[in-house]
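A.B. asks: First the structure, which I've put down as structure tokens, then a few questions once you've had a look.
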Amino acid sequence: MQHKFLSNIQYSLHVEINNLTGAGIISAPYLYQYCNKIFYIQTNKLPEENVMKFSFLPKEFQFFDMFDKMADDAIDAAGVLRTLQ
Amino acid sequence: MHIIETRCDEVTHEIIDKLNRTFITPFDREDIYALAHEFDSVIDIIHAMTNRMRLYNLHNSINKDLIKFAELIEKSVLCLANTVRGLRNLKQMKELSERLIEINTIENQGDQLRDEVLGKLFDNATDPLDVIKWKDIFMDAETVLDQCEDVGNIVEAILVKQA
């Protein structure tokens, strides 16, 4: 049921995302909520789980990698402070 | 320390640059921006603190109270780093929330420690210059813990939106 729903809205989703966000930008949680809402409007049922799920693309993973680097730097900085004493 | 700080600044710029060119982001764009910016500030404040210690010629003097602060900072930063790394897997939401509480607890301990050491400093120090110097350093140390808590609050906001 959910797969069928997804193929139905595939086209409209691409169009709507731009209308919805104005600048054509969107975050994953917002996208999930949007799909759930459309699902509810079309089926009058609340989805048991997010109707659209995707693994983050390599490009999105880069954010996590960069935050990992910052985490490493913060640990190094705290280490420097510790060695000063 | 300067190398670490420069490296972190570069990563922050890289994140902001990528943010401008990415269509679907894992979290709200403003949260990614705030997280990058505030996390960078943790390192900036530690950098400023170590610089000040050199400037005041305190980097070779051992102070037991500063050791306590350094331990708290290390604990808080480690906890924060693990929390930020945990954002990859939001199924560990409970663990992330526990770490956020720990960061908050460490910050409270930092407040308490700052009050204690400042009181002791004003009571015992004989040289007014020493009071001025160490007061600045202790205040900086406590600001690092405050900043860690601020980053924790941003992570908390991300978790609430993903719940």
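A.B. asks: To make sure I understand, if each residue's beta carbon is the centre and we count other beta carbons within 10 Å, what order do B:S41, B:S97, B:S76 fall in, fewest to most?
C.D. replies: Neighbour counts put them in this order, fewest first: B:S97, B:S41, B:S76.
A.B. asks: Could you tell me which of rounded, prolate or oblate describes the range B:1-130, using a ≥ b ≥ c as the square roots of the eigenvalues of the alpha-carbon gyration tensor, with rounded for a/c under 1.5 and, failing that, prolate when a/b is larger than b/c and oblate otherwise?
C.D. replies: Note, shape of the range B:1-130 comes out oblate.
A.B. asks: Only counting other Cβ atoms within 10 Å, I'd like B:D150, A:D65, B:D123 sorted with the fewest neighbours first.
C.D. replies: Values: B:D150 16, A:D65 12, B:D123 7.
The order, fewest Cβ neighbours first, is B:D123, A:D65, B:D150.
A.B. asks: Amide H neighbours of B:F27 under 5 Å, at least 5 residues apart or on other chains, H built in the peptide plane: list them.
C.D. replies: A:A28
A.B. asks: Further question on the same structure: On alpha-carbon atoms, Rg over Rh for the range B:58-148 using Kirkwood Rh? Each step should come with its number before you reach the end.
C.D. replies: Numbers: Rg = 15.9 Å, Rh = 14.3 Å.
Expressed as Rg/Rh, it is 1.11.
A.B. asks: Could you pull out every one of the aspartates and glutamates with an alpha carbon less than 17 Å from that of B:K135, ignoring same-chain neighbours closer than 8 positions?
C.D. replies: The qualifying aspartates and glutamates are B:D65, B:D111, B:D115, B:E116, B:D123, B:D127, B:D146.
A.B. asks: With 10 angstrom as the radius, rank B:V11, B:V77 by how many other C-beta atoms surround their C-beta, starting from the fewest.
C.D. replies: B:V11, B:V77
A.B. asks: To continue, here is another question. Considering only B:S97, B:T126, B:Q109, whose Cα is most displaced toward the positive end of the charge dipole of the range B:64-144, charges sitting on Cβ of Lys, Arg (+1) and Asp, Glu (-1)?
C.D. replies: B:S97
A.B. asks: Cα extents of the range B:26-92 along the three principal axes, largest first, in whole Å?
C.D. replies: Computed over the Cα atoms, the extents are 45, 22, 11 Å.
Only the coordinates and a few stated rules stand behind these numbers; no lab work does. Values in this document were obtained by computation on a predicted structure and should not be read as measured data. Counting neighbours? That spans all protein chains shown, and the Cβs are built from the backbone with ideal geometry, glycine included.
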